[in-house]
Amino acid sequence: MKRLMCVFVFTLVFTDMHSQLLNAEWGQTYSGFSYTNSQGGSLSNLQPSNATYINANYHFQLPSDKANVIVGLSLNNYGALGSDALLDNYFEWNVSYLGLKVGLKYYFARAREFQFFIRPTVSVEYLLRGTQTLNNQVFNLSGEDEFDNFIAVPRLGLGVQYPISNKAALYVSYAYGTSFSLVDASPEDNEKLNINMHNIGVGVIIQLPGCNCAFKNY
């Protein structure tokens with residue numbers, strides 16, 4: 001985790017480009033938990049759930065108009081639910097994480113006014129709030145070792161963008177990500193807890209003052 005934080009600091013401090021673009025994105029997250037205990041067993045009948053996400057990013061344009069470095073903040077909501085017929089249990093998780101994200105946006109194709117892009121990112125996220133429901137009881141997840149830590153989430157996204165002027169554009173995107181294990185297990189312990197997510201969203205991207213770029217030229 002310390003190495004990931006160093007990557008963020010390096011990107012922010014040593015990037016000699018000026019921020020030229022700003023975007024906001026919001027949409028739905030289809031997420032679920034994947035749990036494996038130290039004996040290799042997993043929870044059965046664990047179902048994903050829907051939640052929302054929002055993020056805002058600065059874009060640092062590279063010498064090629066086709067690529068931008070992205071640095072931004074995100075608010076992500078994840079969840080999962082399930083039941084155990086043998087024990088007659090119902091359980092549900094709802095968590096919210098604040099994330100710091102860095103990545104690359106690369107325009108790889110164009111069809112008339114539509115620009116298609118790929119967007120690999122990685123985010124470091126911290127728990128803002130979280131609850132676990134077990135039957136009729138609700139538990140606060142803040143302070144729990146599995147959740148009250150920074151988590152790293154790599155994502156790979158695809159999208160299509162359409163200019164609505166030479167200063168702004170709209171886009172739709174899809175991204176898939178999976179967190180590194182939330183459980184800091186020892187080498188002798190194979191326990192793992194991961195969050196898997198699909199993000200589908202819409203966004204708007206605008207040029208900031210002083211930007212020497214035009215969406216129609218991408």
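Order the peptides 74-81, 104-111 from the highest to the lowest mean number of other Cβ atoms within 10 Å of their residues.
74-81, 104-111
Hey, with R₀ at 30 Å, roughly what FRET efficiency would Leu62 and Arg110 work out to, going by the Cβ-Cβ distance, to 0.05?
0.95
In the neighborhood of Gly201, defined by Cβ-to-Cβ distances under 15 Å, what is the net charge if each Lys or Arg adds +1 and each Asp or Glu adds -1?
+3
For the range 63-169, evaluate the Debye formula with one uniform point scatterer on each Cα (no solvent term) and list log10 I(q)/I(0) at q = 0.17 Å⁻¹, rounded to two decimals.
-0.87
The numbers here are math on the coordinates, done by the rules we state, and not lab data. Every value quoted in this text rests on a predicted model; they were computed, and no experiment measured them. Counting neighbours? That spans all protein chains shown, and the Cβs are built from the backbone with ideal geometry, glycine included.
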